[in-house]
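Read the structure below first, then the notes.
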Amino acid sequence: MSATLVDGGVALRFWAPAARRVLVSFDEAEPSAAMTRDPESDGYWTGFFPGVTAGTKYRFYVTGAGGEGYKRDPEARELELYGYPECDAIVVDDDVYPWHDQGWRAPAFEDLIVYQFHVGVFSATGQGGVDRRPHRTAKLLDAVQRVPYLAELGVTAVQPLPVVEFQGEWSLGYNGTDLFSPEMDYCVDPHGLTSYRKAVNDLLEARGASPLKHEELAGQANQLKAFIDVCHLYGIAVVIDVVYNHAGGGLDPQSLDYIDLPADPGPLNNAYFTADGWAGGRVFAFGRRPVRDFLTANALMFLNEYHADGLRFDEVSVIDAKGGWTFCQELTRTLRSAKPEAVQIAEYWGELPWLAVQEPPRGMGFDLFYSDRLRDAVRSVVGDRGAGVGRLVAGLRSSAREYHCLENHDLVLDMDDHRHPRIATLADSSHPRSWYARSRSRVAMGLLLTAPGVPMIFMGQEFLEDKLWSDSPGRTDRLIWWDGAFGADRHMADFLRFTREMIALRRSLPGLRGGALDILHVDEANRVVAYRRDDVLIVLTFSETTLHDYRIPVAGEWREVFNTDFYDHFPNPLVAGNGGRALADLVVTIPANGLLVFVSS
């Protein structure tokens, strides 16, 4: 599909099943190059056009029973940077970008610690601050400058919100219209690349990699590749967020909507879509083989052409509800055959969510599924100031296949129908920098990073950001406060250190990544929970006073290796705990609103 460079020109393939004629316009000339309908296919048009090279602009001109007009290539790898949506596609040479990640190996699923962020407001301008110019959408080449920070934080994967072309200058990204083309507002014009190329080359040089030439970084596809390439060189996998339940809202006349211009542009005559809507857009017609092939090709493009390490599938529940169950089974099987090490994460909220990860025919065959059990348990206890700790047990009893978070792009988005507070604000709405907020937030993060399953952290959560966020770069009051993390706010800097060392602990102890769970002790009166994961013991309390001489019912000798209280006014001169000692009879001091980690001696 799309434009494929071959010897002497380009081959084009385009699906428009009810079209009467398809022409191609090259470099804004009148459409005159005719394509041929393949009589043995389900509405595919093909053509070879000699002399066409990489960088050539093209657009289809479709004649259907209902009229005629231009259509962008739905599988174009890149779009003209200006004029969207009335713009051309660009012929791209996939071999231009010189990858540096030949020795890269993605982490095993159990080793994933994922960081979610939004490219458009994740600016990296300056040493510690963000670019506060109004309406300045951050770029992929801004975000790439945060990669050393993320590597130092210790996360093993990043999950940017969707990065494909959507209508408008800014968005969450779940309203994609051109699913194969990187969002142009996240990319830099070739004329403005000089400083960015230096920044990227500095990152490459620091890892002993060869620098990029201007033409190797020019273009949207190359800039997304450079982001992923640099992440790999710094030990970070990349999970691409894809939306296959719908396209749009806002599908312009040159989009894939009514691709073949039928006589009756009603909901039943739309080649790519059904009559159903979702989130302001149109639901894909999963019952049509060309549509399933289109979506599968998109997933394969990210895994193969962009070297992505996995995919996060948005609202698989909608795909299921709209007739896409067997499509999901086909999709996961195809992707696993093509790249078995790539993680496949399903946002599936069905009545039996674990069916997402069961093998077909009973299940859909994904690797991980979204779970709100731990999130809801932790947030309810934190919101109740630590009362009812027994609710944590249900959340902790998760499987290794569950994908957990306490904050995410939906939950803490500044919109009327969302507005769930950040953890710091939930912990103390009157003062999100108070000791109560800081200490409860540390326990919450500790729970996320010691529970079974794969943890995900949302941007800013790692340093106690308390504000809701917005996808609009013009909302400077909603940008995450990098200066606070880098020293302007003592408590944020301390919390960042705590998160960094808590992540390092999880990475160093196999029991925290894959060990079985055993709930040892629940004490509602003192708000204590203790649980074991193989040779690792976790003891926590939401008590607002320190508990001395507290007995944990567990045999053996245990050595204290982590104490959240140490990170308050780091290093806390008044830390309450056990001094890292090995204890044969586990009678311990548990700091107020604290979490301790012990290992078997």
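The values are calculated or read from the model by the stated rules, or taken from the named source; none is laboratory data. Everything numeric in this text was worked out from a predicted model, so none of it was measured. Cβ sites come from the backbone with ideal geometry, for glycine too, and all protein chains shown count toward neighbours. To get the accessible areas, we keep the full protein, side chains included, count just its heavy atoms, and leave off ligands, DNA and RNA. Shrake-Rupley method; radii C 1.70, N 1.55, O 1.52, S 1.80 Å.
Å³ per residue of the Cα convex hull, for segment 408-536?
Working: hull volume 17.1 nm³, N = 129.
Spread over its residues, the Cα hull of segment 408-536 gives 133 Å³ apiece.
Scanning residues 5 or more positions from residue 240 or on other chains, those with amide H under 5 Å from its amide H are 309, 310, 311, 312, with H placed 1.01 Å from N in the peptide plane. Working from label points 7 Å from Cα in the Cα-to-Cβ sense, the residue 352 to residue 30 distance is 6.2 nm. Which of rounded, prolate or oblate describes segment 364-417 when judged by the alpha-carbon gyration tensor and an a/c cut-off of 1.5? Taking the square roots of the gyration eigenvalues as a ≥ b ≥ c, segment 364-417 is oblate. Backbone amide hydrogens, once placed in the peptide plane, bring residue 78 within less than 5 Å of 90, excluding anything fewer than 5 places away on its chain. Beta bridges from DSSP with both residues in the chain: antiparallel share about 75 percent, rounded to the nearest 5. Largest first, the three principal axis extents of the alpha carbons in segment 25-163 are 56, 40, 31 Å in whole numbers. Helix 194-206 axis versus longest C-alpha principal axis of the chain: approximately 50°, rounded to the nearest ten. Within straight cross-link reach of residue 198, meaning Cα distance under 16 Å, which aspartates and glutamates are found once same-chain residues fewer than 8 apart are removed? Those aspartates and glutamates meeting the cut-off are 142, 189, 215, 216, 229.
Please report, largest first and rounded to whole Å, the three semi-axes of the ellipsoid equivalent to the chain, where each semi-axis is the square root of five times an eigenvalue of the C-alpha gyration tensor.
Numbers: eigenvalues 453, 128, 87 Å².
So the equivalent ellipsoid measures 48, 25, 21 Å along its semi-axes.
Which log10 I(q)/I(0) values does segment 461-558 give at q = 0.10, 0.15, 0.19, 0.25 Å⁻¹ under the Debye formula, counting every alpha carbon as one identical point scatterer? Scattering profile of segment 461-558, log10 relative to I(0): -0.46, -0.85, -1.02, -1.20.
Which FRET efficiency value, to the nearest 0.05, do you get for residue 195 and residue 86 by plugging their Cβ-Cβ distance into 1/(1 + (r/R0)^6) with R0 = 35 Å? Don't skip to the end; give the middle numbers.
On the way: r = 30 Å, r/R0 = 0.87.
Computed FRET efficiency for residue 195 and residue 86 comes out at 0.70.
Would you please give the FRET efficiency between residue 334 and residue 561, computed as 1/(1 + (r/R0)^6) with r the Cβ-Cβ distance and R0 = 45 Å, to the nearest 0.05? After rounding, the FRET efficiency stands at 0.55. Here the average projected area of the convex hull drawn through the C-alpha atoms of segment 361-464 stands at 7.5 nm². Share of carbon and sulfur in the accessible area of the chain stands at 50%, probe radius 1.4 Å. Taking amide H atoms as placed 1.01 Å from N in the peptide plane, the amide H of residue 20 lies under 5 Å from those of 63, 64, 65, each 5 or more residues away in sequence or on another chain. For residue 57, a cut-off of 16 angstrom between C-alpha atoms picks up these lysines, skipping any fewer than 8 places away in its own chain: 71. Other residues whose C-beta falls under 11 angstrom from the C-beta of residue 223 contribute a net charge of -3, scoring Lys and Arg +1 and Asp and Glu -1.
Measuring max minus min along each principal axis, the C-alpha atoms of segment 162-202 give extents of 34, 17, 17 Å (largest first).
Which translational diffusion coefficient, to the nearest whole µm²/s, is obtained for segment 424-484 from the Stokes-Einstein equation, given a Kirkwood hydrodynamic radius over C-alpha pairs, 10 °C and 1.306 mPa s?
Details: Rh = 12.7 Å.
The calculation lands on 125 µm²/s.
When both segment 560-586 and segment 282-314 are represented by their alpha-carbon centers, they are found 49 Å apart. The distance linking segment 17-33 with segment 450-481 is 46 Å (Cα centroid to Cα centroid, whole angstrom).
Can you pull the Rg over Rh of segment 8-77, Cα-only, Kirkwood? Walk me through the intermediate numbers first.
Working: Rg = 11.6 Å, Rh = 12.3 Å.
Result for segment 8-77 is an Rg/Rh of 0.94.
Values of log10 I(q)/I(0) for segment 183-268 across q = 0.18, 0.25 Å⁻¹ run -0.86, -1.26, by the Debye formula with one identical scatterer at each alpha carbon and no solvent.
For the chain, what is the mean residue ellipticity at 222 nm derived from helices alone (per DSSP H run of n ≥ 4: -39500 (n - 2.57); sum divided by total residues; nearest 500 deg cm²/dmol)? Walk me through the numbers on the way to the answer.
Numbers: 14 runs with 140 residues, N = 601.
Result for the chain: -7000 deg cm²/dmol, rounded to the nearest 500.
Over the chain, what is the mean sequence separation of C-alpha contacts under 8 Å (at least six apart), divided by residue count, expressed as relative contact order in percent? Please report the intermediate quantities before stating the final value.
Values: 1337 pairs, mean separation 64.8, N = 601.
Result for the chain is 11 percent.
Computed from Cα atoms, the angle from the helix 435-450 axis to the main principal axis of the chain rounds to 70 degrees. Applying the Kirkwood pairwise sum to the alpha-carbon positions of segment 481-535 produces a hydrodynamic radius of 13.6 angstrom. Pairs of Cα atoms in segment 534-601 fall into 5 Å distance bins, from 0 up to the last occupied one, in shares of 4, 18, 31, 27, 14, 5, 1 percent. For the chain, the longest principal axis of the alpha carbon atoms and the long axis of helix 289-304 meet at an angle near 60°.
Here the simple spin-label model places points 7 Å from the Cα toward Cβ, and for residue 65 and residue 385 these points are separated by 6.9 nm. If you roll a 1.4 Å probe over the heavy atoms of the protein chains, what accessible area per residue do you get for the chain, in Å²? Value for the chain: 36 Å² per residue.
Full extension of the chain between residue 304 and residue 263 yields a length gain of 10.9 nm, computed as 0.36 nm times the residue separation minus the alpha carbon distance. May I ask you to derive the FRET efficiency for residue 275 and residue 572 from their Cβ-Cβ distance with R0 = 51 Å, giving the value to the nearest 0.05? Efficiency, from the Cβ-Cβ distance: 0.25.
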